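Accompanying notes for the structure given below.
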Amino acid sequence: MSSIATDLLGDSPSQTHRRPMLPPVVRGLIWALIAFLVFNTLISEVLDRMPYHPFVTRASVTVGWVAAVCAWLLGVGVWEGVVKPSFGFPTLWETPTDWRKYFMYSTDHRVIGLQYIFSSIGGFMIAGFAAMLMRLELMNQNLWVFSNPGAYLSTVGIHGTVMMFSVGTVGLVGGFGNYLIPLMVGSNKSAFPRMSGISQWLVPAGIATVVLSPVLGQWTTGWRGYEPLASQDPAGIVFYYLGVFALTTSSLMVAINLTATILFKRAPGLTWNRIPMFAWGMLTVSLLNLIWLPEIQMAFLLGLLGAVIPFPFFTQVGSPLTYLEVFWLFGHPEVYIVVVPAFALWQEILPVMGQKSLFARQWGIIGLVFVMILSGMVWAHHMFTNMSNSQMLPFSFFTEIISIPTGFAYLVVIGTLWKARLRLTTPTLLILMSMFNFLIGGVTGVLLADPVVNLQVHDSFFVVAHFHYTIIGAMIFSWFAAFYYWLPKFTGRMYSERWGKVLSVWIFIAFNVAFLQMFLLGLHGMNRWVPVYPAYLQPMNFQVSLFAILLGIGFVLHFLHIAWMWWHGPRVEENPWRSKTLEWQTASPPGEENFTTIPTVVRGFYDYSDDRSAVAVDVHSDAPKGAR
Amino acid sequence: MADIVGFAVAWIVTSALGELGVSAVRRGSIYYYTASNQALDGESAFGFILMMLVPVVAFIVVMLLYNMIRFRARGKEIVRSHVQFYTNKTFVTVWIAISVVVNLLFYLHPTASALEQMFNGEEARYNRQDLIVNVTARQWQWLFNYPQYNITQAADANGNSVMFLPADRTIKFVLRSYDPFHTYDANAGVIHGFWVPAFGLKQDIIPGETRYLYIHTNKITSYDVNPMVRVQCTEVCGPGHPFMEAPVHVVSARDFQKWIVSQQKQQQS
Amino acid sequence: MDDVIEPLTPKELRKNRFGLLLFVTSQLVPTFVLINVRFMLADDDVSAQADPLLGGLLPVLLFLLGAVPVWRAVRFAAVGSTDRMRRQLALAGVVGVVGLITQIWPLIHHRYDALAPFGEVHLASVGVGGFFTLVTLILLYSVIARAGRGQVGPEHYWGVEATGFVWSFNAVSWLAIYIVMFWL
């Protein structure tokens, strides 16, 4: 059934030695359970007994969780793959070649990429289901789905947290980034495969932690975790902090790995001038991640200490505003971490679909870089309602001018599409829709950057509509474009154009009707975090919910379509889009190695003025470069 | 050439239609219902930005559609485009110049200008005749106190907080977040947000800080006339957050005096 | 699995160094946040009951001192004297463990009010610093273990060099926190 393919160092083992072993995921769960019980009990019964000896206390659950996550990682394969070799005991880790390789620790970047993609789809479905519950609740002005506002607010928090940290930051970067970047730069491996393998398994742990938070209790802050409310909240908030720790640690490892891969694993001839646009997106995002993820980890550590010990850092005898500052210092770059990969994708895919050279490539790169730089200077525009007047002007200034480098992405695309021969495939359609949606998101961002307007619409549904336009509108739509564009690469099969287009139009209409009305709801006086609202807002809320549910169904259908085509789609050649980028110059799906001989790059990837390939022809075989 | 002309025509027509739409909206009410000068200022800033951005939005949307329709591939064969260029100095320069200029202009007006107006409105010398309302936010209730009239907690006959204000007057709201009924617990306060949707501005209330909001009422109205004339908490403050509301009544100066007297009597009993 | 370890190519060594540099840079950020928080929450107060040595100067000195054997070990590794390298690493390990204990001692026993501004910030810093030290020591121990099995040699001693960088980073970041806590 399964053959022993390779061990972790890439060599075939000299002996085949099979030890009976549980499936790694099962072993990981069991070890996690044991570790949790041991460490939780150690704290709650032995070292830190609380009055009335509850079995699970905030302190014990924190320590138990850390032990459980470590044990989970070890069980899934990190024990044999990383820990034992690090201490001098290299071990055989059998990697099957069939579907089971996706359910264990792996160092193959293609396996890791798909694992990330599945994890982020799982997070999307779970958080999307939470959103459906929220919109269902909001169809009526009274509580009718949830029995109390705290339960609704916990759902809001789970929705936001899982979406931001396991879909927004992971879907394009951890998923598509891990799979494609080594292929795009002409390498067979990523820079740090063992770390990459560890990072993946933190994502299910993080998602599960946040989703399980109601087991500990409610938490009412939403994904921002504002203090002092957070230190007052029931215990559910502990799993919010811990889940985000796991997810951000994962993304930090991805950032290091992708940066080092792009810098050190490039094929000969792939100069800085020829780095693919998607890779530039990954570089800028990784730099942002490197600086700001540890920042939020520190902020959340302080919040966790405020919830567990509890240290009164951010209570009214401390400084609540300090929490807001440290949160938003991360929180603003975070949204650019989410959307910059989408900008890069627009510039990556459209030259191929239009079979026309990328226009003003340097300005596209400058745009990505300056968005990255400016994103760290605007955070307090989330705090216009609680700062002093004199601080408003500089933050408003930087927020407004960030629209300039953002516009460069549009400049590049418009110039590329002018006089092109644009094939209106599903990826094209989704990217154009994404650009339209982000335009609305961006324009409402300019409105929000004006402090006087901001002081009216802050903390209302106007803001909710704005950030869903930028996040769903730009990132999620581009995420789907990436699925359709690279499906032939992952599977060697093509999707159905008819279904792809119909479903895309479906989600476009549902999305716009639902969220455009949300702007109006905000202007009409609807505040955030309310399962119960004045009656005059109910008719529009009902409609928004209707279209939001249609949107949810549309997303599910998209994934069902992609899943169906993954296994049953018609087979296509290895480069159906006639792209010149490197990942398409090898077999689809890639064989055992991405490239049997590492290609030599001789010209840029986005020059469609002639038919010449960007790589030198492989002189060692008759077949064109790539494995069969 | 023909394409540039064709696009320009489509763009101008779309911009014109867009401007018509925006001015129709501005003649109505972007903020749905306003009851203060600050709301009018905010509304006009909002409308100005929309009006200025219509040509920009029209440019992008028409460009995307034009490219999608006019330059689409015909036939099933994947064919390279015959026209290929890597850059166009004029286009890029004009684009960058316009985006920089529009941004700077926006910063001057309405951003800085409206802010300056707001700052000026808060100058002490313009606020000597203000009605002072002490607003206390606690979980999960608003408490209104009128220090100039010795009204410690304004309430209706059922004991629920209610806020009466005179029309055509500047009100200085003094905002605090603490629990006057549980002062023994220093950790009890959370962040709340004070917002009357019809007044056009809000402020967050941070426990441990006193913050100020200046509103100049400009019409007689109340929660019974329009539900946007209510105090609504806008910063999540726990499970009671959605219920943290209070009705507002803006009345004539004489009616306001009558209400003050009735409150003082209610307080004595 | 054989005991033959592939030597690291110069490019791989550069890649490893760069990756570690990225990681260390990213971990400077929590130190920076802690420094900021110290001033935002506690001004420049120092509690009179704070012990200047335990959770203060002692770990600073020990970590700085411990950097010497670690870097000597790197040099020994480069020239192939694995025995002396292992002795230096072991010495660093002992210094590190003592340093860790002196660093986290306030978590067990402190005389200031843990809920006052200085106390809470100091305890948080000590905890974070102790965590970083623990990670450094685990890394050090893993290198010692591998060296004991003959897997560290003049052509493949990246682990020792990495330990040098991580140890130095840990020492510098605790020094920064110490100065900010007690002197600024």
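Residues whose amide H falls under 5 Å from that of B:V231, counting only those 5 or more places apart or on a different chain, are B:A246, B:V248, with hydrogens built in the peptide plane. When you restrict to C-alpha pairs under 8 Å that are six or more residues apart and normalise by the size of chain B, the relative contact order lands at 19 percent. Each pair of Cα atoms in the stretch A:208-304 enters the Kirkwood radius, and Stokes-Einstein at 10 °C and 1.306 mPa s then converts it into a translational diffusion coefficient of 104 µm²/s. Amide H to amide H, with H built 1.01 Å from N, B:T170 comes under 5 Å of B:L131, counting only residues 5 or more places away or on other chains.
Using only alpha carbons, build the gyration tensor for the stretch B:129-268 and give me the equivalent ellipsoid semi-axes, biggest first, whole Å. Walk me through the numbers before you get to the answer.
Values: eigenvalues 107, 58, 40 Å².
Each semi-axis is √(5λ); the values are 23, 17, 14 Å.
With R₀ set to 22 Å, the beta-carbon distance separating B:H182 from B:F243 gives a calculated FRET efficiency near 0.75. In order along the stretch C:8-14, phi translates into HN-Hα couplings of 7, 6, x, 5, 5, 5, 4 Hz, rounded to whole numbers, per the Karplus curve 6.51 cos²θ - 1.76 cosθ + 1.60 with θ = phi - 60° and x for Gly and Pro.
Counting only DSSP beta bridges with both residues in the protein assembly as shown, tell me the antiparallel percent, nearest 5. Spell out each step's value before the answer.
Values: 29 of 41 bridges.
If we restrict to bridges inside the protein assembly as shown, about 70 percent are antiparallel.
When a/c is below 1.5 the answer is rounded, else prolate if a/b is larger than b/c, else oblate, so apply that to chain A with a ≥ b ≥ c taken from the square roots of the Cα gyration tensor eigenvalues. Write out the running numbers ahead of the final one.
On the way: a/c = 1.72, a/b = 1.16, b/c = 1.49.
Oblate, since a/c reaches 1.5 and b/c is not below a/b.
Helix C:158-182 and the longest principal axis of the C-alpha atoms of chain C enclose an angle of approximately 10°. Of the complete DSSP H runs in chain A, those spanning 24 angstrom or more by Cα along the long axis with a mean Kyte-Doolittle score not below 1.0 are A:24-41, A:109-138, A:236-264, A:277-308, A:320-354, A:426-449, A:497-523, A:538-568. When the helices of chain B are scored as -39500 (n - 2.57) per DSSP H run of n ≥ 4 and the total is divided over every residue, the value at 222 nm lands at -13000 deg cm²/dmol. Straight distance only, please: which lysines reach the Cα of B:K202 with their own Cα at less than 17 Å, same-chain residues fewer than 8 apart left out? Straight-distance partners of B:K202: B:K172. Would you list the membrane-span-like helices of chain B, meaning whole DSSP H runs whose alpha-carbon atoms span at least 27 Å along their axis and whose mean Kyte-Doolittle value is at least -1.0? For chain B, where a helix must reach 27 Å along its axis and average at least -1.0, the hits are B:2-27, B:37-70. So, in Å, what gap is there between the alpha-carbon centers of the stretch B:166-228 and the stretch C:18-50? If you average the Cα positions of each part, the centres end up 37 Å apart. Which pairs in the list A:K580/C:K11; A:K265/A:K580; A:K189/A:K356; B:K219/B:K265; A:K356/B:K89 are over 23 Å apart, alpha-carbon to alpha-carbon? Pairs exceeding 23 Å: A:K580/C:K11; A:K189/A:K356; B:K219/B:K265. When the Gaussian network model of chain B links Cα atoms closer than 10 Å, the mean-square fluctuations of B:F91, B:F59, B:F243 top out at B:F91. Remark: the Cα gyration tensor places the protein assembly as shown in the oblate category, a/c being 1.5 or greater and a/b not exceeding b/c. What's the angle, to the nearest 10 degrees (0 to 90), between helix C:117-148's Cα axis and the longest principal axis of chain C? Taking Cα atoms only, the helix is inclined about 10 degrees. How far is helix C:82-108 tilted off the main Cα axis of chain C, in degrees rounded to 10, range 0 to 90? It is inclined by approximately 20 degrees.
Bear in mind these aren't lab numbers, they're just calculated from the coordinates by the rules spelled out. None of the values given here were measured: they were computed from a predicted structure. Heads up, the Cβs are rebuilt from the backbone with ideal geometry, glycines too, and the neighbour counts pull from every protein chain shown.
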